[in-house]
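Okay, structure first, notes after.
The values are calculated or read from the model by the stated rules, or taken from the named source; none is laboratory data. All values reported here derive from a predicted model rather than from experimental measurement. Quick reminder, even Gly has a Cβ in these numbers, built from the backbone with ideal geometry, and neighbours come from all protein chains shown.
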Amino acid sequence: MTDALQAVQLPAEFRHRLDFYWQSTAVYAVTLIAYIVIRALWESSLQGGQISIVLTDPVVVLLGAFVVGSTIVLLFNSAMKRTIIVTDDGITFTSRFHERTFLRGDIERISLGRDPRIRVRGVFSVVKIRIVGRRRTLRVRPALYTNEHALTACILALRPKKVQP
């Protein structure tokens with residue numbers, strides 16, 4: 001983990017990944033097209049040179065809703081431009097409309113763990129950052145950002161040093 005930290009120069013910027021959203025949109029769209037073609041072959045209307053699409057077919061409506069919904073989510077997340085910027089002084093969470101900075105002195109505790117509610121790829125599924133004066137912990141899922149191992153290493157570098165008596 002220290003090798004990943006040495007490879008990343010601070011300040012480091014980590015962008016929100018969008019690959020899951022466009023992949024799901026593509027899979028839903030291909031499934032919709034495949035269903036329409038198979039349905040047309042089944043009804044033998046494709047052999048006559050015409051394809052009749054029944055928009056009231058429940059499967060077409062369901063797959064169409066998935067395609068439209070995943071496209072809307074992809075466009076929304078693309079427009080938000082979420083990033084995490086880690087510097088020597090602290091960590092900054094930015095989006096198109098909002099920016100929050102937490103300084104190194106405000107960080108009470110940083111812990112790694114697995115979130116039992118969600119299974120994401122990567123070494124650690126969640127990094128919990130406890131901020132002084134804040135009731136709830138910040139939960140960062142490194143797998144949702146580019147270069148997740150470097151992000152985890154940079155966040156761990158912000159851990160407060162324990163004072164020995």
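Listing for the model above:
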| read-out | value |
| --- | --- |
| Single unsatisfied condition, ILE36 versus (1) surrounded by 15 or more Cβ atoms within 10 Å (Cβ to Cβ); (2) modelled with pLDDT of 90 or more | (2) |
| Where LYS162 falls short, out of the listed (1) modelled with pLDDT under 90; (2) under 17 Å from ARG15 (Cβ atoms) | (2) |
| Test: ARG17 is modelled with pLDDT of 85 or more and under 20 Å from ALA153 (Cβ atoms) | yes |
| Looking only at the stretch 95-127, and only at residues there that are buried (at least 17 other Cβ atoms within 10 Å of the Cβ) and in contact with a Ser or Thr (Cβ under 7 Å, 6 or more places away or on another chain), the one that is modelled with the highest pLDDT | VAL127 |
| Some residue of the stretch 70-77 being of a type in the set (Phe, Trp, Tyr), modelled with pLDDT under 90 and either surrounded by fewer than 16 Cβ atoms within 10 Å (Cβ to Cβ) or assigned to a helix (DSSP H, G or I) (or both) | no |
| Cross-chain or 6+ apart pairs with Cβ under 8 Å, the stretch 152-165 first and closer than 19 Å to SER125 by Cβ, then modelled with pLDDT under 75 and not in a loop (DSSP other than H, G, I, E, B) | THR152/ALA4; ALA153/THR2; ALA153/ALA4; ALA153/LEU5; CYS154/LEU5; LEU156/LEU5 |
